[in-house]
Structure formats: C-alpha cells, structure tokens
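Some notes on the structure that comes next.
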Amino acid sequence: MDKKSFRKKCLKRLKATSKNRSYINDKLVNFKIDKVIQKHKPKSILFYLPLSLEVDTKSLIDNYRKKLKVFTPFIVGESFKMVQYRQPLRCNSFNIYEPSNSKIEFKRVDMIIVPVVGVDGDFKRVGFGRGMYDRFYEKLKNRPIVVFVQRIKCHTKKRITDDYDVRCDYYITPKEFIKLRKTR
C-alpha cells in the first residue's frame with residue numbers, strides 16, 4: 001500500500017463516521033489532549049481550526065486562549081504561518097476558518113496539535129496531501145511537542161511516508177494514547 005491509497009482508505013472511513021460517533025470521539029480525544037497540555041504546561045500552543053472530518057478542538061482553544069498563547073495556522077502560499085488566535089474568524093479559499101493575518105512573525109511554539117488523516121509505521125503523518133504542516137515544521141526554530149489527533153484510528157504498520165513528513169511525540173485517538181518521544 002502506498003501513501004495515496006492509504007489516504008483514500010482513511011478518508012473513506014472518516015466520511016462514513018456518523019455525526020453522533022464523531023461527537024463522542026471528539027470529546028474523548030479532547031480529554032486526552034487536555035491531559036497532555038496539563039502535563040507539559042506549555043506557554044504556547046498551535047491549534048488547528050477543524051475541518052468537518054477533523055477532531056473539533058474549538059472548546060480547548062476557547063479554554064486555553066485565556067491561559068496561554070494560542071496560535072492557529074494562517075495559510076500563506078503552500079504552507080502557513082502562526083498567527084495569534086483572535087476573533088472574528090474568516091473563511092479562506094480552502095474553506096478553513098482563520099484569524100486575520102498578522103505582521104508579527106512567530107517562529108517558536110512549545111506544542112503543536114496536528115490533525116491527521118492517517119499514521120504510518122514510523123508514526124509519521126498522512127494528511128490531506130498538500131504538505132503544509134511539513135513545510136511549516138521545517139521553518140520552526142525549536143522542536144515543539146507534536147501531538148497527532150485523529151477522530152478514528154487509521155494506522156498502518158508499513159512505512160509509507162517520506163523523510164520530510166512530520167513525526168509525532170503523542171498519537172491520540174478515541175481508544176488510544178501513545179507516547180513516542182521522551183518529553184520534558
């Protein structure tokens with residue numbers, strides 16, 4: 001199996017998940033994300049603003065934006081940059097909500113919460129296929145804690161990703177919580 005066919009299989013499974021099951025799974029995943037945040041006590045986190053197939057993390061964003069620096073992606077070309085989360089949000093050309101652009105360039109973050117379509121045998125990310133997280137990650141000045149989150153588990157033991165694909169420190173699904181890297 002290659003990355004393209006694995007992605008297709010995972011997307012099919014995600015689309016077949018009922019709204020009720022998605023809601024329950026999102027709550028279970030958010031609970032585990034919260035535990036990782038409480039354990040590591042980061043000063044800054046990059047959250048994503050969810051698409052319909054991704055774990056809805058908006059309640060965590062609302063909770064943590066009052067306590068620490070919360071960033072979200074702002075798409076620029078074939079990648080994105082971090083902007084501080086603030087409202088109002090606007091829908092961009094990819095149908096992703098994002099805050100307004102900022103002239104301030106943030107290059108460091110303590111933790112990144114990353115949605116995944118699938119995960120391979122090296123615990124590397126299979127996303128939607130644009131490579132935005134990979135390009136973003138290589139520009140960071142530090143090595144943050146990377147937390148992959150997934151509404152339903154879609155994992156292959158095979159190595160199907162590329163060298164440049166992002167690897168996680170934590171892999172969280174509704175039924176699993178895997179810690180891969182020794183973190184602070």
(message) Where the second residue is of a type in the set (Lys, Arg) and assigned to a loop (DSSP other than H, G, I, E, B) and the first is under 17 Å from Leu53 (Cα atoms) and lies in region 115-136, which pairs have Cβ atoms under 7 Å and are six or more apart or on separate chains?
(response) none
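How about region 142-151: which of its residues are more than 19 Å from Ala16 (Cα to Cα) and either assigned to a strand (DSSP E or B) or in contact with a Phe, Trp or Tyr (Cβ under 6 Å, 6 or more places away or on another chain) (or both)?
Of all residues in region 142-151, those more than 19 Å from Ala16 (Cα to Cα) come to 142-148.
Selection gives Ile145, Val146, Val147, Phe148.
Taking the condition buried (at least 18 other Cβ atoms within 10 Å of the Cβ), in contact (Cβ under 8 Å) with a residue 40 or more places away in the chain, part of a helix (DSSP H, G or I) and of a type in the set (Lys, Arg), does Arg13 pass?
Numbers: buried (at least 18 other Cβ atoms within 10 Å of the Cβ): no; in contact (Cβ under 8 Å) with a residue 40 or more places away in the chain: yes; part of a helix (DSSP H, G or I): yes; of a type in the set (Lys, Arg): yes.
No, not satisfied.
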(request) Scan Asn20, Asn25, Asn30 and give me the residue that is crowded, with 18+ Cβ neighbours inside 10 Å, more than 15 Å from the chain's Cα centre (by Cα) and modelled with pLDDT of 95 or more. (result) Asn25
(message) Six or more apart or on different chains, Cβ atoms under 7 Å: show the pairs whose first residue is in region 99-111 and among the small types (Gly, Ala, Ser) and whose second is surrounded by 14 or more Cβ atoms within 10 Å (Cβ to Cβ).
(response) Ser102/Val83; Ser102/Gln84
(request) Just give me the residues in region 139-155 being out of contact with any strand residue (DSSP E or B) (no Cβ under 9 Å at 6 or more places or on another chain) and surrounded by fewer than 14 Cβ atoms within 10 Å (Cβ to Cβ), in sequence order. (result) Lys141, Asn142, Arg143
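I'd like to verify a number: residues in region 76-95 that are in contact with a strand residue (DSSP E or B) (Cβ under 7 Å, 6 or more places away or on another chain) and among the β-branched types (Val, Ile, Thr), how many?
To start, the set of residues in region 76-95 that are in contact with a strand residue (DSSP E or B) (Cβ under 7 Å, 6 or more places away or on another chain) comprises 80-85, 89-92, 94.
Subset that is among the β-branched types (Val, Ile, Thr): 83.
Of the residues in region 76-95, 1 are in contact with a strand residue (DSSP E or B) (Cβ under 7 Å, 6 or more places away or on another chain) and among the β-branched types (Val, Ile, Thr).
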(message) Suppose we filter region 156-184 for residues that are touching a strand residue (DSSP E or B) at 6+ places or on another chain (Cβ under 6 Å), at pLDDT below 95 and either outside any loop (DSSP other than H, G, I, E, B) or hydroxyl-bearing (Ser, Thr, Tyr) (or both); how many remain?
(response) 5
(message) Being buried (at least 16 other Cβ atoms within 10 Å of the Cβ) and either of a type in the set (Asp, Glu) or out of contact with any Ser or Thr (no Cβ under 8 Å at 6 or more places or on another chain) (or both) is the filter here; which residues of region 82-96 pass it?
(response) Ile96
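Can you name every residue in region 32-55 that is more than 27 Å from Leu14 (Cα to Cα) and either in a helix (DSSP H, G or I) or hydroxyl-bearing (Ser, Thr, Tyr) (or both)?
Residues of region 32-55 that are more than 27 Å from Leu14 (Cα to Cα), as a first pass: 38-44.
Matches in region 32-55: Gln38, Lys39, His40, Ser44.
Residues are listed down the side, and each one gets a yes or a no for (1) farther than 30 Å from Lys153 by Cβ; (2) under 14 Å from the mean Cα position of the chain (by Cα):
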{"site": "Ile75", "(1), (2)": "no, no"}
{"site": "Val83", "(1), (2)": "yes, no"}
{"site": "Arg90", "(1), (2)": "yes, no"}
{"site": "Ile96", "(1), (2)": "no, yes"}
{"site": "Val109", "(1), (2)": "no, yes"}
(message) Of the residues Leu60, Leu140, only one is modelled with pLDDT under 95, among the aliphatic types (A, V, I, L, M) and within 26 Å of Lys39 (Cβ to Cβ); which?
(response) Leu140
(request) Within region 38-71, count every residue that is within 10 Å of Pro115 (Cα to Cα), surrounded by fewer than 19 Cβ atoms within 10 Å (Cβ to Cβ) and hydroxyl-bearing (Ser, Thr, Tyr). (result) 0
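The values are calculated or read from the model by the stated rules, or taken from the named source; none is laboratory data. Since we're looking at a predicted model, the values are computed, not measured. Quick reminder, even Gly has a Cβ in these numbers, built from the backbone with ideal geometry, and neighbours come from all protein chains shown.
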